[in-house]
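> Pasting a structure here, questions to come.
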Amino acid sequence: RKGAFTGATTDREGKFEAADGGTLFLDEIGDMPMDLQAKLLRVLQESEIERIGDTTPRPIDVRVVSATNQPLVKRIEEGFFRQDLFYRLAVVPIEIPSLRQRSGDLGELLHHFLVRQGAEEALVPEATLEELTKRPWPGNVRELENMIMRVCALNPGFASLDLEMVQAQAGPRASESGPFDPKNIVLPEYGVPFEDVERGLLEAAWNQSDHNQTQAAKLLHMPRQAFSYRLQKFGIIPKHGSGDGAGN
């Protein structure tokens, strides 16, 4: 609001006011500071905002869509995310599978990012596409986009996304992480609670599978039901509820 603080020379709409009657997208909601979470919760509960310098609230009608790559249930347990805000936002939760779980989309995504970089005429050989499907993509779509940006920057005017280009710029393949050898585990002199070890394995599988219970259970060679029970036992997901992160 004009005159509300030094340098405020004109009236300017905030994001919620500008989105009145429409939809507002809030990205990376899991990284929002706690003080802003409290303000957002009030807006969602009261359906009104108050401009800086105003004394009268303004009613708004905004549909909020939010996204995060954070495990919000864990963030709540750690004290970094408000539980009441989580339930206010999670009306219709949609879990987007990781890139390695939908490798069939790689071809279209590659073309999309090549077009963005002005390389829409570049061909994508079958060998290149096959190689990319074997990679774990821990950074998901953003990692793929960054790889294409590097390839285009280092190979201006290239006509084909050759296998050598991909191998030079992409991360390691999933099979290159090496076999697990329990003999290499070294325990500290003071020991370690077995429950901490079990929880660590569960969380490692949970995170590596991008919160997909079926895939995570396969990593630990256990039935999905048993894995789900242990997730609930350690509070990694809510008990008897789908909630955030309770992937299939």
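Every number in this text was worked out from the coordinates using simple rules, so none of it is lab data. All figures in this text were calculated on a predicted structure; none of them were measured in a lab. Positions of Cβ are backbone-derived with ideal geometry, glycine not excepted, and every protein chain shown enters the neighbour counts.
> Highest first, please rank the peptides 139-150, 194-205 by the mean number of other Cβ atoms sitting within 10 Å of their residues.
139-150, 194-205
> Would you mind ranking S47, S103 so that the residue whose beta carbon has the fewest other beta carbons within 10 Å leads the list?
In increasing order of surrounding Cβ atoms, one gets S47, S103.
> Work out, step by step, the length gained on full extension between E17 and E164: first 0.36 nm times the residue separation, then minus their alpha carbon distance; give nm to one decimal.
47.9 nm
> Using 25 Å as the Cα-Cα cut-off, could you pick out the over-long pairs in K134/K233; K74/K233; K15/K74; K39/K233; K39/K239; K74/K239?
Correct reply: K134/K233; K15/K74; K39/K233; K39/K239.
> On to the next question. Given points 7 Å out from each Cα along the Cα-Cβ axis, report the L219 to L154 separation in nanometres with one decimal.
Going from the L219 label point to the L154 one covers 2.8 nm.
> Here's something else I'd like to know. Short version: what are the Cα gyration tensor semi-axes of region 99-176, square root of 5 times each eigenvalue, largest first, in whole Å?
Numbers: eigenvalues 68, 32, 27 Å².
The equivalent ellipsoid of region 99-176 has semi-axes of 18, 13, 12 Å.
> Sticking with this one: Is region 1-122 rounded, prolate or oblate when judged by the Cα gyration tensor, a ≥ b ≥ c being the square roots of its eigenvalues, rounded requiring a/c under 1.5 and prolate requiring a/b larger than b/c?
Taking the square roots of the gyration eigenvalues as a ≥ b ≥ c, region 1-122 is oblate.
> What is the order of K233, K74, K239, fewest Cβ neighbours within 10 Å to most? Display every interim value, and only then the final one.
Values: K233 14, K74 19, K239 10.
Starting with the residue having the fewest Cβ neighbours, the order is K239, K233, K74.
> Subtracting the Cα-Cα distance from 0.36 nm times the residue separation, let me have the gained length for Q232 to Q70 in nm, one decimal.
Result for the pair: 56.5 nm of gain on full extension.
> Return L161, L123 ranked ascending by Cβ neighbour count within 10 Å, so the fewest neighbours appear first.
Listed from fewest to most nearby Cβ atoms, that is L123, L161.
> What length, rounded to one decimal in nm, is gained on full extension from D31 through to T56, with 0.36 nm per residue of separation minus their alpha-carbon distance?
Fully extending the segment from D31 to T56 adds 6.0 nm.
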